[in-house]
1. Can you list, largest first and rounded to whole Å, the semi-axes you get for region 60-133 by taking the square root of 5 times each eigenvalue of its Cα gyration tensor?
2. Could you list the residues of region 171-185 with an amide nitrogen less than 19 Å from a label point located 7 Å from the Cα of Thr131 in the Cα-to-C-beta direction?
3. For region 111-127, in order, what is each residue's ³J(HN,Hα) by Karplus, 6.51 cos²θ - 1.76 cosθ + 1.60 with θ = phi - 60°, in whole Hz (x at glycine and Pro)?
4. So how far apart, in nm, are the two label points at His251 and Arg237 if each is 7 Å from Cα heading toward Cβ?
5. Could you tell me the accessible area of Ile374 in Å² (1.4 Å probe, neighbours in place), rounded to the nearest ten?
6. Probe radius 1.4 Å, ligands and nucleic acids ignored: give me the carbon and sulfur share of the accessible area of region 140-286 as a rounded percent.
7. At 0.36 nm per residue, minus the direct Cα-Cα distance, what do Ala82 and Leu378 gain on full extension? Give it in nm, one decimal, please.
8. At 1.4 Å probe radius, can you tell me the per residue accessible area of region 94-249 in Å²?
Amino acid sequence: MSSSCSGLSWVLLAVAVALVSAVSPCPQAWGPPGVQYGQPGRSMTLCCPGVTAGAPVSWFRDGETRLLQGPDSGLGHELVLAQADSTDEGTYICRTLDGALGGIVTLQLGYPPARPVVSCQAADYENFSCTWSPSQVSGLPTRYLTSYRKKTVPGADGQRMSPSTGPWPCPQDPPGAARCVVHGAEFWSQYRINVTEVNPLGTSTRLLDVSLQSILRPDPPQGLRVESVPGYPRRLRASWTYPASWPRQPHFLLRFRLQYRPAQHPAWSTVEPAGLEEVITDAVAGLPHAVRVSARDFLDAGTWSAWSPEAWGTPSTGSLPKEIPAGGQPRKQLEEEPQADSPTPPRPSLLPDPRPLDQRDPLEQIAVLASLGIFSFLGLAAGALALGLWLRLRPDGKARPQKPGFLAPVIPVDKLPGAPNL
């Protein structure tokens, strides 16, 4: 019976405290009614919420009969704790002169807020989000106020805020989360983010200037697939798609990089494909390969995305598919089918595949044709030059008699002026 009465008395006490809290002389801005906050090492003044201001009361710790402060202290309805520490945290009870309950106060100690750590990132060129975390744990209930505004740079006056560019609230998504999202941002503009940390002991603000060009980081590509190329034991074909969060516009494209490695090999090989697929031509025959891709704005704005989840594929171990001409007779296979009782195949070779490639890439074909044309032209030019020199410098093989008068002067000697008349 006594325990039920005790429980009922506590319920009535709580109701009474709630009723008087509306007219309490103690300000209550945070947390549940009756909770007051302080900082370790500082003096703390507790306020009895159920009496009028200045009314003398007696203070006790909950569960103790020892008097902490009597009504003759001259402090009225307040209790002063000098240099409060963790041992002072807990529940206090104040009583009036007639012994009636004045109120219940819970003391919680913590620290004022510090400037939060803020970072922003854009997954596309239209929206960006900012996240934050406390730089110091306060130990007190904390909330964050977030807003943003667009910056303008008016020439010689330096960076200056314009009233027509905000501020606007940065909605926290979901409410109360350490993240806010800005929708409909301008790709070539700069923004100032304001994140203010607030707790019962004060506020602290962090301002961060961002531009979408510098914080752009796409999401990883999606739908990565790795397939073998039938008949080619050194080839793998990888394909993927744009991330769903990236709007497909002709003037905002992505470029990609691809990494691959054989199983149990720690080193990655890296290539930059020209589109949404890549044919790997130097895979290790017979070994599974891990492949992953990442993306970046095609004008190198921002940074590379995170790597996509790895996809695995193993090069083909069979022969080239048979080709059946119109006559119905199958052509000779480029490779013999392995026999069922054939010995164990040799270990995979790391040398390039020496067989002719029927399906060359267009760029590869153009490069080969251009090289052949250049070498053919140089060969013909060198041959023509050598032939011309040989025809010009070859010796005359026949010993012909010297023509009379070949070395004689054209004018007879006797006709020369001053010649003696023989």
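The values are calculated or read from the model by the stated rules, or taken from the named source; none is laboratory data. What you are looking at is a predicted structure, and each value in this text was computed from that prediction instead of being measured. Counting neighbours? That spans all protein chains shown, and the Cβs are built from the backbone with ideal geometry, glycine included. Please note that ligands, DNA and RNA were not included when accessible areas were found on the heavy atoms of the full protein model with its side chains. Shrake-Rupley method; radii C 1.70, N 1.55, O 1.52, S 1.80 Å.
1. 47, 13, 11
2. Zone members listed by number: 171-183.
3. Values per residue, Gly and Pro as x: 10, x, x, 10, 4, x, 8, 10, 9, 10, 8, 10, 8, 8, 9, 10, 9 Hz.
4. The two pseudo-label positions are separated by 3.5 nm.
5. Here the accessible area works out near 100 Å².
6. Values: 3870 of 7630 Å².
The C+S portion of the solvent-accessible surface of region 140-286 is 51 percent.
7. Numbers: separation 296, 0.36 × 296 = 106.56 nm, distance 9.77 nm.
Contour length minus Cα-Cα distance gives 96.8 nm.
8. On the way: 7580 Å² over 156 residues.
Spelled out: the 1.4 Å probe surface of region 94-249, per residue, equals 49 Å².
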